[in-house]
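A short write-up of the structure that comes next.
Values quoted throughout were computed directly from the atomic coordinates according to the rules given, and no laboratory measurement underlies them. Quantities reported herein were computed from a predicted structural model and do not represent experimental measurements. No Cβ is skipped: glycine too gets one built from the backbone with ideal geometry, and neighbour counts run over all protein chains shown.
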Amino acid sequence: MHMLDLILVLSSIGAWAVSGLMSLGGGWKARLGTGLGVLGSLAAGVGAIRALAGAPPATLNVHLWGLPVRFELDALSAAFLVPLHLIGGLGLLYGREYWPEDLPKGAGRTLRFFYGTIIASMSLVFVVRQGILFLVVWELMAVSAFFLVSTEHERADVRRAGWVYLVSTHLGTLALTAMVILLGHRLGGFPWAPLRGASPAAVDGWILLLAFLGFGFKAGVFPLHFWLPGAHASAPSHVSAILSAVMLKTGIYGLLRVSSLLPAIPRGIGGTLLALGAFTAVFGIGNALAQRDYKRLLAYSSIENLGVIAMGVGLGWTGRATHDPWLVALGFGGALFHVWNHAVFKGLLFFGAGSVLHATGTRDMEVLGGLAARMPRTAWWIFPGVLAVAALPPFNAFLSEWFLYRGLFAALQRGYPWSAVVALVALALTGGLAAVAFARFYAVLFLGQPRSAAGQHAHDPSGVMLAPMAALAILCLALGLGSLLLLPMLDRVVAVIAPGAKPMLVSGMGRDLAWITGLEVLLLLLGGLALAWIRRSPRPDPALAPPTWDCGYAAGTTRMQYTGSSFADGWSVHLPGVRSHMRRIKGLFPKPLRFRTEVQDAMGDLLVAPRMAALAERLLWFRRLQPGFLSVYLLYVLLTLLGVFLWMLLRAQVLG
Amino acid sequence: MPDALLTRILHLLMHLLTVVLLAPLIPGLITKVKARMAGRVGPPVFQLYYDLAKLARKQAVYSRTTTWVFLLGPVGTVAAMLAASLLVPFGHTPAPVAFEGDVILFAYLLGLSRFLTVLSALDTGSSFEGMGAAREVAFAALAEPALFLGFAALAKVSGSTSLTLMLGSLGVGSGAVTAPLILIIAGWSIVYLAENSRIPVDDPTTHLELTMIHEVMVLDHSGRPFALVLYGASLKLLVLSALLLDLMLPKAAHAWQDWARFFVGLGGLAGVVGLVESATARFQMTHVPRFLVAGILASAFAFLLLLV
């Protein structure tokens, strides 16, 4: 019966593709398309959850254009399909109101078309087990993402973000093509199946390095992250949710899948990834602190979380290289758990940010404020996401980071002190900075009073946009309290990533997780009791409520509130990409002064962009080959043909 | 063994009673010592109990800017601190709840209480409370690495990541790790003063809002919410005192002697804090980070000593 699961997933892919096509029509066809997409997500969700719950892997071998192609649904595929179809299905619903199809001039229809293709192609990425077809669906996904990012292509910054993304993703694909060829040599053919019993070879290291380059671009690991903030901020919010919550994870999936095919992991590569992940995490959250654009802030936080996930993968690889089942379980288990958690809370945060953008029309947080009073439901449902992204108990991300902490402490005991200590300190620092960044995010957007007219008349969106947020918010808490039920699933996925590893999580972590769950429930109960105690005292009349105590100063204005920039003042000045502009104050009666800061990415804007511009200047030379006369192009065709003939004639002599 | 079970239940009761009832006594002791040092009689040591009882009867005032987030600070602090107190061993008696990795839960519960306090301060929209919140998170981010490096060093020594095993089996003079232990105590003392907003980092009795850190974040709280703020602060003081005392107290022959030593140590620590507050002035705000970095260095050095 387990073939049924794979068939469910494949038919869901078909449903999403058709859903995208139907949406091009508009009207009742678009509504039918939405229904098909949601049905597809439900089908894929059922299939994937059954695979996670212990159904054996289902394989389908077919011939496509004469090539043998394998589709397979195993626990690792399922672990990535579940968040994809969760966020994908909810995002489709959310998008109905967020981006109505008749707005503006057909962009709504192409948006829905490419939304369908990106979900379909991403699902294929997770179930295809053949090198060439993998590259094809990977490319399909990347190009769909390009069109989604450039939905608002009439704006120059969106076009630029789209182009930077397109170039980056193709650089990654270049590395992946080389990787697929090498892997084909290693496995003896393009179909992917784990190489068992083979001895390690030097080529394994090269395969992993190329995989890291190719997949690292997609996952946004430093220094390959620079395309990410612009692309994720510019896309429509429900698309940002898909890109951040799931598409980045295809990079992690690729790393895990490719490494699971190899018989062994070379020593040292795990520690390197661990250190790189640690740096990525700190870099990402440090930059998030300085952003004024709240969607860019969320994008940088995705870089941080992908860094945390990369740390887990690095720890797991270290465990595989040293044959330590405990490190394997904690590293890979923590990474996968964080993949799920990040998908849930980042989807929620992007949906929430979309609601704010929808209501106020600005991405600049410094002109907003006081939205909790104007958009109470949005403020309420986004709050669990804010606590989760700061990795605070009792929400889900605390637990996945707790797995990683356990793994790092274990690595410390095993005698890999340096990478473990660096990663421990980085993880603690990341947690602390994430709390600062998201206290700032929530407080500047939702608390206090409006800083300008932009947010003055904001109001909650309708239930179509709120319901997906509510579902994800509840899931944030449910995953935090119900983690015990997930342990067997994580064990199954780890068994796929590291063939032959013993399941350790249920036996090793079950008791500790039960204690944590108990304490978290106690925490909620105590909080509820304290709240009830406060509520029991006589409540003052809200009509008589005084203004905030401003230390005796009675003429306070909303502009005197702490802004996001002033809140992060102590931190952002140390970032390499932050520039402040202010003239010095001179004389006794200085004229009004203006103060302005701008934030650039240290890697993308300061290092890569100028060099790319210089390179482009050089490459202009090739324009001379294109004079624009038909005759010259015909000459090129003739010369090429002659060259091919010569090669055919001389091939025998050259190759001997 | 019903006898062992009975002892465990008695220890648990002692632990819970100490947490719930004794916590407000420590700030009272510190204030008394400070008053005596300044030649005053000072308020009674039970003053905080009286204050809490009075605040519980008072009607609260809520600014018209505030929302439900405003209540989360006091509520979250008390809940998180009570939960965290269950993880810390008092003296050398095992904590009521102990499992591998509880040290991380402990650290993140502290983080949760700080996060909610900061949000409830920013909910008022006051520039002063924003200032306090910005300072609090900045200094906390420097205090946290010192705490964590200390934990990493203790985990390396004890081979465990449970607070009960990490702290309960140690103590000055118990073995070969004396030098790193003293460094950790030094580093954590700085964390202790900073986290509990004591002089020389912050002055809990200052009256100038511009110079406050923690106190300015709770300016708008009143009535029962403010009672919870004060109670939560005293719980935090107790929990962090226990953390520090566990490292310093030698293990006694009998469990009840351990309890006695713990209570005496608690009083002694309060006295020392009172003396420090009487003898030193608070640092200029810009100099506080240097003080905190000294804490990080002490913990880091302890860790390095353990690696070689």
- For region B:9-128, what does the alpha-carbon gyration tensor say about shape, rounded, prolate or oblate, given a ≥ b ≥ c as the root eigenvalues, a/c under 1.5 as rounded, and a/b over b/c as prolate? oblate
- Query: Which angle between 0 and 90 degrees, to the nearest 10, do you get for helix A:630-655 versus the longest principal axis of chain A when only C-alpha atoms count?
  - Reply: 60
- For region B:85-94, Karplus couplings with θ = phi - 60° (6.51, -1.76, 1.60), whole Hz, Gly/Pro x: 5, 6, 8, 9, x, 9, x, 10, 7, x
- Item | In region B:1-54, the trypsin sites (Lys or Arg not before Pro) that fall in loop regions by DSSP, at most 15 other Cβ within 10 Å | B:R40
- Between region A:327-361 and region A:133-202, what's the alpha-carbon centroid distance in Å? 23
- Query: Which ordering of A:Y294, B:Y62 is given by a fewest-first count of other beta-carbon atoms within 10 Å?
  - Reply: B:Y62, A:Y294
- Item | Spatial separation of Cα centroids for region A:79-129 and region B:13-63, in angstrom | 58
- Taking every C-alpha to C-alpha distance in region B:2-307 and binning by 20 Å from 0, the per-bin percentages run 33, 60, 8
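What does the average come to when, for each residue of peptide A:541-551, you count the partner chain Cβ atoms lying within 10 Å of its Cβ?
For peptide A:541-551, the averaged partner shielding equals 6.
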- Where N is the number of residues in region A:135-282, Cα Rg divided by 2.2 N^0.38 Å: 1.12
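Evaluate peptide B:212-220: per residue, the Cβ atoms of other protein chains within 10 Å of its Cβ; return the mean as an integer.
1
When N counts the residues of region A:476-634, how does its alpha-carbon radius of gyration compare numerically with 2.2 N^0.38 Å, as a ratio?
2.05
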- Give the residues of region B:179-214 whose amide nitrogen is closer than 18 Å to a point set 7 Å from the Cα of A:Y553 in the direction of its Cβ. B:207-213
- Equivalent ellipsoid semi-axes for the protein assembly as shown, as square roots of 5 times the alpha carbon gyration tensor eigenvalues: give them largest first, rounded to whole Å. 51, 34, 27
- Message: Roughly how far apart, in whole Å, are the Cα centres of region B:71-110 and region A:535-571?
- Response: 31
- For helix B:102-122, what angle does its Cα long axis make with the longest principal axis of chain B, in degrees from 0 to 90 and rounded to 10? 10
- Candidate lysines for bridging to B:K58, where Cα separation is under 27 Å - those fewer than 8 sequence places away on the same chain excluded: B:K32, B:K236
- Across peptide A:444-450, what mean number of C-beta atoms from other chains lies inside 10 Å of a residue's C-beta? 5
- Karplus-derived 3J(HN,Hα) from phi for region B:131-146 (6.51 cos²θ - 1.76 cosθ + 1.60, θ = phi - 60°), whole Hz, x at Gly and Pro, runs 4, x, 5, 4, 5, 4, 5, 5, 6, 5, 5, 8, 6, 4, x, 4
- Note on the structure: Given B:286-298, B:84-96, A:606-618, B:178-190, the highest-first ranking by average Cβ count within 10 Å works out to B:84-96, B:178-190, B:286-298, A:606-618
- Note on the structure: Asserting the computed 222 nm helical MRE of chain A (DSSP H runs at least 4 long, -39500 (n - 2.57) per run, divided by residue count, to nearest 500) equals -23500 deg cm²/dmol
- Residues B:K58 and A:I7, FRET efficiency given R0 of 60 Å [Cβ-Cβ distance, rounded to 0.05]: 0.35
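So if R0 is 45 Å, what FRET efficiency would B:L208 and A:R583 give, r being the distance between their Cβ atoms, rounded to the nearest 0.05?
0.90
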- So B:L297 and B:R36, fully extended at 0.36 nm per residue minus their Cα-Cα distance, gain in nm 90.5 nm
- Message: Quick one: 3J(HN,Hα) in Hz for region B:60-65, Karplus 6.51/-1.76/1.60 with θ = phi - 60°, rounded, Gly and Pro as x.
- Response: 7, 10, 10, 5, 6, 7
- Task: Name the long-range amide H neighbours of A:V578: under 5 Å, sequence gap of 5 or more, or other chain; modelled H, no Pro or chain starts.
- Result: A:Q600
- Message: Please enumerate, by chain and number, the lysines with C-alpha under 22 Å from the C-alpha of A:K218, excluding those fewer than 8 residues away in the same chain.
- Response: A:K249, A:K295, A:K346
- Message: At R0 = 41 Å, how high is the FRET efficiency between A:V422 and B:W256 if r is their beta carbon distance? Nearest 0.05 is fine.
- Response: 0.40
- Hits in region B:233-265: amide N under 15 Å from the 7 Å Cα→Cβ extension of B:F283, namely none
